[in-house]
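Participant: Sharing a structure here in structure tokens format.
The values are calculated or read from the model by the stated rules, or taken from the named source; none is laboratory data. Source: prediction; values computed, not measured. Cβ sites come from the backbone with ideal geometry, for glycine too, and all protein chains shown count toward neighbours.
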Amino acid sequence: MSTPNPAPHIDRELDLSNTGRGVWLVKVPKYIANKWDKAPGNIEVGKLKISRVPGQRAQVQLSLSEAVLCLKDPGEQNIPKEHRLDVSNETRQSLGVFSHVVPSNTDSVIPESEKLYMEGRIVQKLECRPYADTTYYKLKSESIRKASMPQRQVQQLERIVQNFKPVSDHKHNVSVYFINLSLLQLWVKLGYNMYIRVFHYARQKK
């Protein structure tokens, strides 16, 4: 078995002009990520409020916009609007954010190459957590209810379902049965010694 040839390595330039920029790595709940995926690019998705107290760590709060809260399917539960972001400094690892830009015009005389950018270095990690209010409790109870539902359910049939009956024996098995029965009858008629000769003769004919 031949192994496929690996793709050729192409050297590309990396733009490092934003190396000194500090960025945040934020982990948000799944329901917020789903809302942001549905949101068009021309609306406000939320606001950040940073409160600084001398001698304490900065407190960060996220407030989702009403436009995002209205992006829901029929029967979908409401999600919390206010969230807090727990901040932790990242000092043990060197992490960065990179972007990849694909050229839009590939038919030009001098084709543009793909561009790679370093958008910044991660200096802090934040984890978004909802406040324990009534909306969050309802959302959590609904997710637990869906997770506890069995994958298979019993369904009552209103009419007879036509199923094909299993075949008791196949054609090749029936033919072998008839051959064995014929040999047995021949054994009884001619005797054991004659049967052995006929049996060997039949095997040679195959």
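Participant: Kindly indicate the residue of region 50-96 that is of a type in the set (D, E, K, R) and assigned to a loop (DSSP other than H, G, I, E, B) and also nearest to residue 22 (Cα to Cα) among those meeting that condition.
Facilitator: 90
Participant: From (1) within 25 Å of residue 100 (Cα to Cα); (2) among the hydroxyl-bearing types (Ser, Thr, Tyr); (3) modelled with pLDDT of 90 or more, pick out the condition that doesn't hold for residue 63.
Facilitator: (1)
Participant: Residue check: is residue 66 farther than 17 Å from residue 28 by Cβ, among the acidic types (Asp, Glu) and in the same structural domain as residue 125 (by TED's automatic domain parsing)?
Facilitator: The answer is yes for residue 66.
Participant: Step by step: first the residues of region 39-66, then only those that are surrounded by 11 or more Cβ atoms within 10 Å (Cβ to Cβ) and among the charged types (D, E, K, R), then the one that is farthest from residue 137 (Cα to Cα). Which residue is that?
Facilitator: Per the criteria, the residue is 57.
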